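Enquirer: Could you have a look at this structure, given as structure tokens, before my questions?
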Amino acid sequence: MVDALGLPVAFEITEGQRHDSRPATELATRAVTSCLLADKAYDSDDFRETLKVQGCRGIIPSNGSRSQKVSYDKQLYRARSEIECTFNLLKQARRFATRYEKTLRNYAAVVALGCALLWLRI
């Protein structure tokens, strides 16, 4: 999860075969925000309800399989490119992108170091 400037504020490491939307609810509760931008993969009623309970506005386009399309702010959704840019910056580090570390603890340390470097803008 990144803030409006594209700086990481929280992360959760999951198994490679697990979908990212599963830990998203817990991640969204850890980070206090008034607006959350996400792609179609995070379009679920449960996730939207979690955001609503927190008083957070979810800017999430409807998944193609949703029968009732939910409207979203398309102008604000354009800012989601900051998220993709942050992942691109992190993945420039080969150790991060290819996940050389065998243990979760070591890989979490690599991710934390990468996030810290983004905050320091080194």
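The values are calculated or read from the model by the stated rules, or taken from the named source; none is laboratory data. All values reported here derive from a predicted model rather than from experimental measurement. When we count neighbours, we look across all protein chains shown, and the Cβ atoms used for this are built from the backbone with ideal geometry, even at glycine. To get the accessible areas, we keep the full protein, side chains included, count just its heavy atoms, and leave off ligands, DNA and RNA. Shrake-Rupley method; radii C 1.70, N 1.55, O 1.52, S 1.80 Å.
Enquirer: Would you pick out the residues in region 23-42 that are surrounded by 11 or more Cβ atoms within 10 Å (Cβ to Cβ) and either of a type in the set (A, V, I, L, M) or in a loop (DSSP other than H, G, I, E, B) (or both)?
Expert: If the condition is that a residue be surrounded by 11 or more Cβ atoms within 10 Å (Cβ to Cβ) and either of a type in the set (A, V, I, L, M) or in a loop (DSSP other than H, G, I, E, B) (or both), then PRO23, ALA24, LEU27, ALA28, ALA31, THR33, LEU36, LEU37, ALA38, ASP39, ALA41 are the ones that fit.
Enquirer: Consider region 81-122. How many of its residues are open to solvent by less than 80 Å² (accessible area, probe 1.4 Å) and aromatic (Phe, Trp, Tyr)?
Expert: Selection size over region 81-122: 2.
Enquirer: If a residue must be loosely packed, with under 13 Cβ neighbours inside 10 Å and without any contact (Cβ under 8 Å) to a residue 40 or more places away in the chain, how many such residues does region 67-80 contain?
Expert: Residues meeting the conditions: 8.
Enquirer: Before we move on, is TYR72 outside any helix (DSSP H, G or I) and over 27 Å from THR33 (Cα atoms)?
Expert: It is false that TYR72 is outside any helix (DSSP H, G or I) and over 27 Å from THR33 (Cα atoms).
Enquirer: Report yes if some residue within region 53-66 is closer than 20 Å to ALA10 by Cα, in a helix (DSSP H, G or I) and open to solvent by less than 90 Å² (accessible area, probe 1.4 Å); otherwise report no.
Expert: yes
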